[in-house]
């Protein structure tokens, strides 16, 4: 077989192809991603998550740890605020481990549990007073709050509607000279009762808790927490 030399061929010029970067920067019109790292206010992120994850616009939202309601400042969302502390003037003073709501009542539940345990009798480590953390945890419970997760997620699963969404803001921490994997404990507890763990957003923390008495660091400083997303379903999408 005789091969033609290139100069003997009449080559047609190929049409110009768009650059790869240009292609990647032209998503489908309906594709509106939500970044997995958030450096902003929780209230702003919640608004985006409420538009992003529920299949339909939520008709009723439960904030199970509403506190002063800072997540909802300026929001027009239909929120029922529940808290165990009456001084915060929530819609309902109640324990989120034993809710009085009927089954399948809410489209979305928001949960923001305490992020660190009590620090014993050393007042220099009393973050409960300094940072408004009023709950205590005994030695029997490992001086942490992971024991609260199973009863809460059981109740949350009950009062959520099918396909409902649970948002949990949670932070890992160091306690008892060990790293405490709070977000892992919560995911396990939620999956155990039937929730489908669907997503995780890393939230940058502007002012992590620091004690002036700390002299030596053995762990990386926690400059982030997590927003975990669960669906009352056997699938995420």
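What to note about this one:
- Residue order, fewest to most beta carbons within 10 Å, for 38, 181: 181, 38
- Two-site FRET efficiency, residue 100 against residue 188, from Cβ-Cβ distance with R₀ of 25 Å, rounded to 0.05: 0.40
- Compared with the alpha-carbon gap, the fully stretched path from residue 234 to residue 196 is longer by 13.1 nm at 0.36 nm per residue.
- Distance in nm between pseudo-label sites at residue 223 and residue 76 (7 Å out along the Cβ direction from Cα): 3.8
- Residue 87 paired with residue 34, simple spin-label distance in nm, labels 7 Å along Cα-to-beta-carbon: 3.3
- Length released on extending from residue 67 to residue 161, taking residue separation times 0.36 nm less the Cα-Cα span: 31.5 nm
No lab work stands behind these numbers, since they all come straight from the coordinates. Please read all numbers here as calculations on a predicted model, not as lab measurements. Reconstructed Cβ throughout: ideal geometry from the backbone, glycine too, with neighbour counts over all protein chains shown.
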